[in-house]
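Q: Structure provided below as structure tokens; questions to follow.
The values are calculated or read from the model by the stated rules, or taken from the named source; none is laboratory data. From a predicted model like this one, the values you see are computed outputs, not experimental measurements. Positions of Cβ are generated from backbone atoms using ideal geometry, with glycine treated the same way; all protein chains shown enter the neighbour counts. The area values use the complete protein model at the heavy-atom level, side chains included, leaving out ligands, DNA and RNA. Shrake-Rupley method; radii C 1.70, N 1.55, O 1.52, S 1.80 Å.
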Amino acid sequence: DFDSRPCSASFLERLLLVGNGVDVALTNKFDGQESHRDHLKLEHNSALIVLDSTSPRTQQFLGFYVDAFMRLYERTGESRDQPSLTIALRRAVESVSLNHADLASDLFCRSKISDVVSCDAGCALVHKPQKHDLSFKTFALSASKAGGERIAMMLDALKLEPRCDVKARLTAFDDYARSLDSTKALEIAHDYRTFYDAPWNAGSLYEELAMRYPRARFVLTVRDSSAWWDDVERELSCSTVKQRTSYERA
């Protein structure tokens, strides 16, 4: 892109990966994208793509890209470069065994001035992929009915995704509640950017999360205890005796 600038001193050396058995090199949108389980379903940053034009696999890939781009344009009326790139990459890898290399998201910056960057290079340019960077995590540590759900809604509105889904959260909660061992919770946290409710607000787990993910932010909202208990009482009045007893013990 015309507004991209080199951010890493070794950027040229890394670009020369292409041609040595690599057909296409693509910049990731966030750190660690190459190890994500749905790697080929995630959008790469189209600001920088390096192609080996002598490779027939590259030519196939470009044909898939043009086809996807035109189909999406006909359907939406918009230029959808990154979704087209995702479709073409997955199709080329599956059908013609395209060899691609992942370039780190800190290789190039976009020329939008900011004090915050998504790498540790110390430059004054913001990375466009910053909002996709999994190392920028946000944990809402509030107790139930104390504002955590509102924080989660705000993070969703800001499109800070992916949010830790209910299944993953409950898996982390069950493991942590049984043994107070944070290993599983820390492992699950790797694949998400936003979190609320248990187990993330339990005990001192936030201290271990802060050590594992130093770029993470923790939001704690508080509420008047009397008003909070009134809400809890109203909810428990509709619960079974077993649910009520379990809640009061907790």
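Q: Return yes when Leu103 is at pLDDT 65 or above and farther than 26 Å from Leu160 by Cα and no when it is not.
A: Numbers: at pLDDT 65 or above: yes; farther than 26 Å from Leu160 by Cα: no.
Judged against the criteria, Leu103 is not a match.
Q: Next question. Can you find a residue in segment 196-216 that is assigned to a strand (DSSP E or B) and under 17 Å from the mean Cα position of the chain (by Cα)?
A: yes
Q: On the basis of being closer than 28 Å to Ser46 by Cα and at pLDDT 80 or above, does Arg193 make the cut?
A: For Arg193, the condition - closer than 28 Å to Ser46 by Cα and at pLDDT 80 or above - is met.
Q: What number of residues in segment 71-98 are modelled with pLDDT of 90 or more and either open to solvent by 30 Å² or more (accessible area, probe 1.4 Å) or in a loop (DSSP other than H, G, I, E, B) (or both)?
A: 10
Q: Report yes if some residue within segment 11-20 is assigned to a strand (DSSP E or B) and modelled with pLDDT under 70; otherwise report no.
A: no
Q: Look through segment 162-205, keep the residues that are under 19 Å from Gln33 (Cα atoms) and of a type in the set (Ser, Thr, Tyr), and return whichever of them is least open to solvent (accessible area, probe 1.4 Å).
A: Thr194
Q: Run Leu26 past the list (1) assigned to a helix (DSSP H, G or I); (2) aliphatic (A, V, I, L, M); (3) touching a residue at least 60 places away in the same chain (Cβ under 8 Å) and report the number of the one that doesn't hold.
A: Here Leu26 clears every test but (1).
Q: On to the next question. Any residue in segment 50-57 that is touching a strand residue (DSSP E or B) at 6+ places or on another chain (Cβ under 7 Å), of a type in the set (A, V, I, L, M, F, W, C), surrounded by 18 or more Cβ atoms within 10 Å (Cβ to Cβ) and outside any helix (DSSP H, G or I)?
A: yes
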